[in-house]
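Chemist: I'd like to ask you about the structure that follows.
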Amino acid sequence: RYRLVNREVAETRGLPAEEILGKTAREIFPELADHIEPAMRRVLETGEPIVDEELTAEMPPGSGQVRHYLLHRYPVQGANGELLGAAAIGVDITAMERRLEQALATERDTRALLTAILDHAPVAIAFVDRDLRYRLVNRAVFESTGLGEEEILGKTPAEVYPELADQIEPAMRRVLETGEPIVNEELTAEMPPGSGKVRNYLLSRYPVRTEEGEIVGVASMGVDITALKELEAKLGALLRREQATRKEVERAATTDALTGLSNRPAFSSQLSEILARARASGRAAALLFLDVDDFKSVNDTRGHVVGDSLLRAVGRRLQTAAREGDVVARVGGDEFIVLVADLDRESAESVAKAVAARVRSCFSDSFFLLGSEIRVQASVGMALFPFQAKDEQELLVLADQAMYEIKRRRKRRAA
């Protein structure tokens, strides 16, 4: 799905950018989807770029204008190297093709024709001989370096780019020695030298042979991918923000905002999952349902700010009382649940009672909140799966009933 497009894409397609974002290539370019999507998938699957692929299409669709494009597709990676998506750059070469046709019709001299072709190419092209001296460069080289013919032709890379020679010359020598090309090598350089502008290039180098197979030099082609790198950084930041937002939304949907514990929907999902595992493995589980006694009086006499602080403190103590792997949730105003998971059937009841004892001990000491000392008790009910309850609903009901029975007995004793 398109996450970022520039103005050129919107104008080329004849749609506002907001109508393109979030949609697939098949939705935006249905007549070209069979050409576009397989290449994008290949980049996403292999992590390798696809460069210099030609495409001819009527653009905008229905306009009657047939245009020609040179497409490059690159993987977009995050800071840790993870594959985030794919970026596509399309160069409209329709005008270039027209200029080339005009050049072919008017130029008769072979070298002049070659120069015209090279100078219209959207890449920097150069040829060095076996002594690594530049014998041919196109206009893109002059424009990117800010140098003239006399400053490049006949000279070596060490003389033209002294600060880059250690990166350029070894690769050229390797091509001369092995006869094997070196493709898609990235280079970052200040260009023009001394300008303070750092640019990124994708370089490919190929051996140039005579008809007899003798290697007479090296041809280099450099594509300026600075815009792509900037786009890659923006896409990476955009996707990271989107992922962070998604995680925050997911966290908010499953977390009690006051205590940071699991909320009721999250607990219901966790309960189903834990009981399903227990059924499959022949294990057991216990549910402790607790209610803070007379919590309403705390709110009424101390205020809701203190009441909220008390609930947060209770949540922290319950997390300390629970074992690793147990679930602690707030499911109502002053109602909490501790789900004791993955119990051995023979020792399930004794382990559950031990956790329940630790839960009750959470209320042995006073709570010191916002300058106030508060003593509260909690009624804790317990139910065991699968001994007392056979499913999630029955387990909740039995634990809730046990908790209220304890609360009633406590009130009778107080009376």
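The values are calculated or read from the model by the stated rules, or taken from the named source; none is laboratory data. From a predicted model like this one, the values you see are computed outputs, not experimental measurements. Positions of Cβ are backbone-derived with ideal geometry, glycine not excepted, and every protein chain shown enters the neighbour counts. All accessible areas refer to the heavy atoms of the entire protein, side chains included, with ligands and DNA or RNA removed. Shrake-Rupley method; radii C 1.70, N 1.55, O 1.52, S 1.80 Å.
Chemist: Just a yes or no: is a residue in region 377-386 assigned to a loop (DSSP other than H, G, I, E, B), at pLDDT 90 or above and either under 24 Å from G315 (Cβ atoms) or of a type in the set (V, I, T) (or both)?
Modeler: The answer is yes; a qualifying residue exists.
Chemist: Okay, next question. Checking the structure you have, find out if any residue of region 21-28 is of a type in the set (S, T, Y), more than 27 Å from D224 (Cβ to Cβ), modelled with pLDDT of 90 or more and not in a helix (DSSP H, G or I).
Modeler: yes
Chemist: Can you give me the number of residues within region 202-246 that are open to solvent by 60 Å² or more (accessible area, probe 1.4 Å) and either closer than 30 Å to R130 by Cβ or not in a helix (DSSP H, G or I) (or both)?
Modeler: Final tally of qualifying residues: 7.
Chemist: Does region 162-201 hold any residues that are open to solvent by 60 Å² or more (accessible area, probe 1.4 Å), of a type in the set (A, V, I, L, M) and farther than 16 Å from I125 by Cα, and which are they?
Modeler: Scanning region 162-201 gives a single hit, V198.
Chemist: In addition: Taking region 71-90 as the search range and keeping residues that are open to solvent by less than 50 Å² (accessible area, probe 1.4 Å) and modelled with pLDDT under 85, which one is nearest to T12 (Cα to Cα)?
Modeler: Here the residue is G78.
Chemist: Restricting to region 280-311, name every residue that is among the polar types (S, T, N, Q), over 30 Å from E349 (Cα atoms) and touching a strand residue (DSSP E or B) at 6+ places or on another chain (Cβ under 9 Å).
Modeler: Matches in region 280-311: S309 only.
Chemist: Right, another one. Can you pull out the residues in region 33-66 that are assigned to a loop (DSSP other than H, G, I, E, B) and over 25 Å from I225 (Cα atoms)?
Modeler: Those that are assigned to a loop (DSSP other than H, G, I, E, B) and over 25 Å from I225 (Cα atoms): P60, P61, G62, S63, G64, Q65.
Chemist: In the list A278, A266, A257, which residue meets the criterion of being free of Cβ contacts under 8 Å to residues at least 40 places away in the same chain and either open to solvent by 50 Å² or more (accessible area, probe 1.4 Å) or under 36 Å from the mean Cα position of the chain (by Cα) (or both)?
Modeler: A257
Chemist: Return the residues of region 67-84 that are within 10 Å of the chain's Cα centre (by Cα), aliphatic (A, V, I, L, M) and part of a strand (DSSP E or B); say none if nothing qualifies.
Modeler: Scanning region 67-84 gives V76, L83, L84.
Chemist: Within region 6-17, can one find any residue that is open to solvent by 80 Å² or more (accessible area, probe 1.4 Å), assigned to a loop (DSSP other than H, G, I, E, B) and modelled with pLDDT of 85 or more?
Modeler: For region 6-17, residues open to solvent by 80 Å² or more (accessible area, probe 1.4 Å), assigned to a loop (DSSP other than H, G, I, E, B) and modelled with pLDDT of 85 or more: present.
Chemist: Has region 265-282 got at least one residue that is outside any loop (DSSP other than H, G, I, E, B), among the acidic types (D, E) and under 30 Å from S372 (Cβ atoms)?
Modeler: Checked against the condition, which is being outside any loop (DSSP other than H, G, I, E, B), among the acidic types (D, E) and under 30 Å from S372 (Cβ atoms), region 265-282 yields no hits at all.
Chemist: Same structure, new question: Whether any residue in region 355-376 is open to solvent by less than 70 Å² (accessible area, probe 1.4 Å) and closer than 17 Å to I274 by Cβ is what I want to check.
Modeler: Yes; the residues of region 355-376 include at least one that is open to solvent by less than 70 Å² (accessible area, probe 1.4 Å) and closer than 17 Å to I274 by Cβ.
Chemist: Shifting gears a bit: Scan region 381-415 residue by residue and report those that are open to solvent by less than 10 Å² (accessible area, probe 1.4 Å), of a type outside the set (G, A, S) and more than 21 Å from S281 (Cβ to Cβ).
Modeler: Across region 381-415, the qualifying residue is only M403.
Chemist: Give the number of residues within region 146-161 that are β-branched (V, I, T) and in a helix (DSSP H, G or I).
Modeler: Total satisfying the criteria: 2.
Chemist: So, one more: Name every residue in region 296-325 that is open to solvent by less than 20 Å² (accessible area, probe 1.4 Å) and not in a loop (DSSP other than H, G, I, E, B), in order of residue number.
Modeler: Selection gives V298, V306, G307, S309, L310, L311, A313, V314, G315, L318, A321.
Chemist: Would you check if there is a residue in region 95-104 being at pLDDT 90 or above, open to solvent by less than 60 Å² (accessible area, probe 1.4 Å) and either over 27 Å from R73 (Cα atoms) or in contact with a helix residue (DSSP H, G or I) (Cβ under 8 Å, 6 or more places away or on another chain) (or both)?
Modeler: no
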